[in-house]
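Each reported figure results from applying straightforward, stated rules to the coordinates on display, with no laboratory input. Just so you know, these numbers come straight off a predicted model, no measurement behind them. Note: ideal-geometry Cβ built from the backbone for every residue, glycine included; neighbour counts use all protein chains shown.
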Amino acid sequence: MATHKTRLAVFCSGGGSNFQAIFHAIPKKGLNAEIVLCLSNRSQCGAMEFARQNDIATVHLTEKQFGSFDEFAAAMVSCLREHRIDIVLLAGYMRKVPEAVVAAFADKMLNIHPALLPKFGGEGMYGINVHTAVLQAGESESGATVHLVNEEYDKGRILLQRRVPVLPGDTPELLAARVLECEHRLYPEALEKLLAEQHS
Ligand code: GRF
């Protein structure tokens with residue numbers, strides 16, 4: 001008997017290029033999964049626009065809509081339950097995911113980080129800061145990491161990692177673009193790996 005399609009939620013705050021890469025990779029790779037929800041703290045971001053254009057449900061959730069962080073967390077869990085989400089993919093989500101949500105999706109939540117964790121992870125290491133830090137440290141290579149999410153930032157089990165070179169004359173922006181291109185191939189591969197692990 002065929003197993004049901006794994007229902008994915010993506011959490012985004014920005015352009016959503018990783019979301020789009022995963023969306024297109026699912027049929028190409030023949031993955032038994034579908035993105036059924038895009039959740040964002042920014043209703044008009046590129047990711048939400050892409051979801052609307054592709055008939056994917058969108059949910060705009062921010063702490064400000066609730067009286068407390070706990071209520072916000074509970075609403076997020078309920079929303080994921082309502083949409084019968086199996087796996088959550090963080091793809092450029094710039095807010096802290098509440099612990100209650102992380103706990104509800106233990107081993108079922110992935111994040112992509114634009115560096116070779118455990119280096120250049122943790123507090124303050126997001127966006128262009130990461131690439132600036134890599135260049136300042138004089139590294140000869142950087143890359144991308146897809147990892148499982150647990151309570152500690154950027155510290156869950158690493159699922160896949162890929163390297164890219166740091167080139168002479170690199171600026172943080174040039175390096176970011178090279179890493180992002182690598183992310184677009186890595187995230188679908190990591191999802192494929194997680195799906196295989198869960199069905200083995
Ligand atoms: C990526 O670099 C990702 O590693 C980081 O945020 C960026 C998201 O870009 N967490 P996009 O929204 O997927 O284009």
*Kindly list the number of the only condition in (1) assigned to a strand (DSSP E or B); (2) without any contact (Cβ under 8 Å) to a residue 40 or more places away in the chain; (3) not charged (D, E, K, R) that fails for Q161.*
(2)
*Regarding H131, is this residue within 15 Å of the ligand (Cβ to nearest atom), within 26 Å of Q20 (Cα to Cα) and in contact (Cβ under 8 Å) with a residue 12 or more places away in the chain?*
yes
*Considering each of N54, N18 in turn, give the residue that is touching a residue at least 12 places away in the same chain (Cβ under 8 Å), buried (at least 19 other Cβ atoms within 10 Å of the Cβ) and on the phi < 0 side of the Ramachandran plot.*
N18
*Return yes or no: is A115 more than 13 Å from the chain's Cα centre (by Cα), under 30 Å from S140 (Cα atoms) and among the small types (G, A, S)?*
yes
_Only one of V88, V130, V146 that is within 23 Å of S68 (Cβ to Cβ) and surrounded by 20 or more Cβ atoms within 10 Å (Cβ to Cβ)_ = V88
*State whether one or more residues within segment 94-110 are out of contact with any Asp or Glu (no Cβ under 7 Å at 6 or more places or on another chain), of a type in the set (G, A, S), within 16 Å of the ligand (Cβ to nearest atom) and within 25 Å of E189 (Cα to Cα).*
no
